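To start, the structure itself, in structure tokens.
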Amino acid sequence: MFIDYQSMSIWELLAFNAPGWGGTLLKGLALSLEIAILGFLIGLLIGIFGALGKLSKNIISRDLWACYTTAVRAIPELVLILLIYFALPSALNSLLNAIGFEEIEINAFIAGVLVISFVQGAYATEVIRSAMMAIPTGQIEAAHAFAMPKFKILYRISLPAMLPHALPGLSNLWLIATKDTALLAVVGFTELTLAARQAAGSTKEQLLFLSVAGLLYLIISLLSDVFFKHLIRRANKGQMHG
Amino acid sequence: MDNIPSTPTSLAAKKAPQIFRPFTWLMPHRVILIGLVIYLISLLINKLDWYWIEEYQDDILIGLWRTLVLLVTTFVTGFILAIPIGLVQVTGPKYLARLAQSFCSVIRGTPLLLQIWLIYYGIGSIFPEIEWLRDSFLWPYLTDAWPYAFLALTLSVAAYEGEIMRGAFAGVPKGELEAAKAFGMSPFKILTRIWLPRAIQRSLPVIGGEVILQLKATPLVATITLIDTYAVFSKIRQETYIVYEPLLFMTGIYLILAGIIALIFNRLEKKNEAH
């Protein structure tokens, strides 16, 4: 079916339903956000373990975590995406075959989440590690003196106490997560950037659709900024400012 | 990440592992780890197919050269732009500060891939409609991907580094600037002799990391038909149907490049340490 995009107005082009491309863009935005949120949260979890591993007395775990964070910070995200997108599923399946399990299928969404969380985990490790180091040692020692078990110290003392120090870094990481989802466009996953590119290619209105996508990203980043500023202000309420 | 306050004790703890002592590499677990890595690498070299390297040698070198040229030119140009962007946010006037600030948040708030596409496909689609441009000497350049890639990467550096330079300019102790003023230095001289060198010195560790980030951003230009290192290896993968080897080799190349950059900046930092 031939659609005459040239004669349509901007609002018709951006309309939510079919000849317009607004729906496609919003669907892409939703996918981008889902992947960013999941990747950010899993990355945060990796970051907590990574920070504990890097601060532990065990030199082997310290070295292994150092290898992980160094590698992620040195290898381009685009290359990591290729590695995880193409190499990981086949490697995983040949491993599963070898130990007699059935093959699993890693779809684009899961691969995307894996990539983002892998990258986020490395950066989150560094953020949380330096935030934990900013906790006065006396507080941890006091917890030890009360004979608190290790895990309890972690979630009662370390994590809440490091949060105000980590929040600026974490807000930065969240923005990186939203922007990194755009890289999935390169492997053909229709998130916001690729959705915009498809709309632009079909309608020949390159500037319009790519700018609209940019505007959507910008709105997300500005809203997140306001949200995190609010969180930081709340977290710092009880802190002394010397 | 630079606004994380740190107590003196945590600073000392942070610095300790960074001192490079050669004999720490000979700790038993590290020897085993290094041995494991060497074994793995030799396994990779022996078991996998590497015959294509010879065939594509020239392509790889050209790709590498392009990546490096793109990295150096865009970073230097972007950094030169970043200096006024950072400076006006500290000194004013207010409308210029506002302008610089919004430039930074627009670039930093959108993905670089989208910016590259917007500039290449979006702005690039306007040019053919301008009659006189098609006959001008500029036309051959405008149909090439280079200028677009260069512009996008440079703007990105300008925004990210502008933000860092703003903090660095603001962080130079007021007393030093006042002392320079008391010596009767002109504002321009204060900037070039005191303010800028001190700001750059203070931000050197961060800038080293930013150069590596820029290196990691360069493969994005492969999406607008520029043949850099990344694109060469994509081509190899498509032509030889080999999946893993080119990917691993490319990963190794980027790791080594990042390592070299880190080493260079470590040297620079040591040389320019504040006393």
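General remarks:
- Of B:Leu70, B:Leu96, all but one fail to be over 20 Å from B:Ile261 (Cα atoms) and touching a helix residue (DSSP H, G or I) at 6+ places or on another chain (Cβ under 6 Å); the exception is B:Leu96.
- In segment A:20-36 there is no residue matching the filter, namely being in contact with a Pro (Cβ under 9 Å, 6 or more places away or on another chain) and loosely packed, with under 14 Cβ neighbours inside 10 Å.
- Enumeration of residues in segment B:110-168 that are outside any loop (DSSP other than H, G, I, E, B), more than 12 Å from every other protein chain (Cβ to nearest Cβ) and hydroxyl-bearing (Ser, Thr, Tyr): B:Tyr141, B:Tyr148, B:Thr154
- For the residues A:Phe2, A:Phe40, A:Phe16, the requirement of being modelled with pLDDT of 75 or more, aromatic (Phe, Trp, Tyr) and either within 30 Å of the chain's Cα centre (by Cα) or farther than 19 Å from A:Thr190 by Cα (or both) singles out A:Phe40.
- Just so you know, in segment B:245-275 the residues that are of a type outside the set (Val, Ile, Thr) and exposed (fewer than 12 other Cβ atoms within 10 Å of the Cβ) include one that is modelled with the lowest pLDDT, and it is B:His275.
- Cβ-Cβ under 6 Å pairs, at least 6 apart or on other chains, segment A:212-233 side facing chain B (nearest Cβ under 10 Å), far side surrounded by 13 or more Cβ atoms within 10 Å (Cβ to Cβ) and outside any helix (DSSP H, G or I): A:Gly214/B:Thr110; A:Tyr217/B:Thr110; A:Leu218/B:Thr110
- All positions within segment B:211-236 that are surrounded by fewer than 19 Cβ atoms within 10 Å (Cβ to Cβ) and of a type in the set (D, E, K, R): B:Lys235
- Exclusive hit being of a type in the set (Val, Ile, Thr), free of Cβ contacts under 8 Å to residues at least 24 places away in the same chain and more than 14 Å from chain B (Cβ to nearest Cβ), set A:Ile99, A:Ile59: A:Ile99
- Residue in segment A:164-186 that is surrounded by fewer than 18 Cβ atoms within 10 Å (Cβ to Cβ), more than 7 Å from chain B (Cβ to nearest Cβ) and more than 18 Å from A:Ile37 (Cα to Cα) present: no
- Scanning segment B:221-244 for residues that are within 11 Å of chain A (Cβ to nearest Cβ) and at pLDDT below 85 turns up B:Arg237, B:Val243, B:Tyr244.
- Inspection of segment A:139-152 finds a residue satisfying the criterion of being farther than 29 Å from B:Glu129 by Cβ, within 27 Å of the chain's Cα centre (by Cα) and loosely packed, with under 13 Cβ neighbours inside 10 Å.
- The condition of being facing chain B (nearest Cβ under 9 Å), outside any loop (DSSP other than H, G, I, E, B), under 30 Å from A:Ala185 (Cβ atoms) and of a type in the set (Ser, Thr, Tyr) holds for only one of A:Thr70, A:Thr125, that being A:Thr70.
The values are calculated or read from the model by the stated rules, or taken from the named source; none is laboratory data. This one's a predicted model, so the numbers in the text were calculated from it and none came from an experiment. All Cβ positions, glycine included, derive from the backbone under ideal geometry; neighbour counts span all protein chains shown.
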